[in-house]
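Just below is one structure, and these are the notes that go with it.
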Amino acid sequence: MVMMMKLVMSDKIANLLQLPVVPTEPFDVRVANGSLLKCKGRFDHVQILLQDIPLSLTFYSLLLTGLDLVLGVQWLEQLWTVVCNWKKITMEFQWQNQFQNLQGVNAQLIQVASLRAVSKEVRQGSSMFAVCL
């Protein structure tokens, strides 16, 4: 049976975070390129911070390449009504009885950084959420 896209975490990032795997009945997940990947476990109550919005979510384990997490249709369904403004790159929704607003990144503001510059920022306490190669 093929499942709709769930909340998915790469095995690589789960291992890095040392998350305990809860075994599940294996099932197939169809990913964006049409391939089927086998899921055999999940990670319960994973705490993430999405633009200062704390979330506690269950992720399913998949061997992903190029991505660490996927907040799929299953997560969007939990939000009920979502208002997106594609011109301003915003997404508004209600989470835990509070209105939340996610702001996308304007691709023109993204700049290429050397590994040395990134390492320096991290050593100085800065944080990073995405790297595009």
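Net charge around Ser114, counting only other residues with Cβ within less than 12 Å of its Cβ (Lys, Arg = +1; Asp, Glu = -1)?
Numbers: positive: Arg116, Lys120; negative: Glu121.
Every neighbour counted, the sum reads +1.
Taking only the Cα atoms of the range 23-65, how large is their convex hull per residue, in Å³? Don't skip to the end; give the middle numbers.
Values: hull volume 3.6 nm³, N = 43.
Residue-normalised Cα hull volume stands at 84 Å³.
Local charge for Gly72 was computed over the other residues whose Cβ lies under 15 Å away, with Lys and Arg +1 and Asp and Glu -1, and equals 0. Average projection, convex hull of the Cα set of the range 53-106: 4.8 square nanometres.
For the range 2-78, the relative contact order is 42 percent, taking Cα pairs closer than 8 Å that sit 6 or more residues apart in sequence and dividing their mean separation by the residue count.
Distance between the pseudo-spin-label points of Asn85 and Asn15 (7 Å out from Cα toward the beta carbon): 4.3 nm. Annotation note: trypsin sites (Lys or Arg not before Pro) in the range 1-85 located in DSSP loop regions with a Cβ neighbour count of at most 13 within 10 Å are absent. Straight-line cross-link reach from Lys120 at under 26 Å between alpha-carbon atoms covers these lysines, not counting any fewer than eight positions away in the same chain: Lys12.
Where does the Debye-calculated log10 I(q)/I(0) of the range 2-78 sit at q = 0.12, 0.26, 0.27 Å⁻¹, using only Cα point scatterers of equal weight, no solvent? For the requested q values the scattering log ratios are -0.30, -1.43, -1.51.
First select every other residue whose beta carbon is under 12 angstrom from the beta carbon of Thr24; then total the charges, Lys and Arg +1, Asp and Glu -1.
Numbers: positive: Lys6, Lys38, Lys40, Arg42; negative: Glu25, Asp44.
Local charge sum for Thr24: +2.
From the alpha carbon centroid of the range 18-69 to that of the range 78-97 is 22 Å. Taking the DSSP beta bridges with both ends in the range 2-78, the antiparallel portion is around 75 percent.
Here the extension length gained between Lys120 and Leu37 equals 26.2 nm, from 0.36 nm per residue of separation less the Cα-Cα distance.
At most 14 other Cβ atoms within 10 Å and a DSSP loop assignment: could you name the chymotrypsin sites (Phe, Trp or Tyr not before Pro) in the range 31-122 that fit? Before the final figure, lay out the partial values.
On the way: sites: Phe43, Phe59, Tyr60, Trp75, Trp80, Trp86, Phe93, Trp95, Phe99; in loops: Trp80, Trp86.
Passing both the DSSP loop test and the Cβ count: Trp80, Trp86.
Every number here is computed from the coordinates shown, using simple stated rules; none is lab data. It should be emphasised that the depicted structure is a prediction, and the values quoted were computed from it without experimental measurement. Virtual Cβ from ideal backbone geometry, glycine too; neighbours counted across all protein chains shown.
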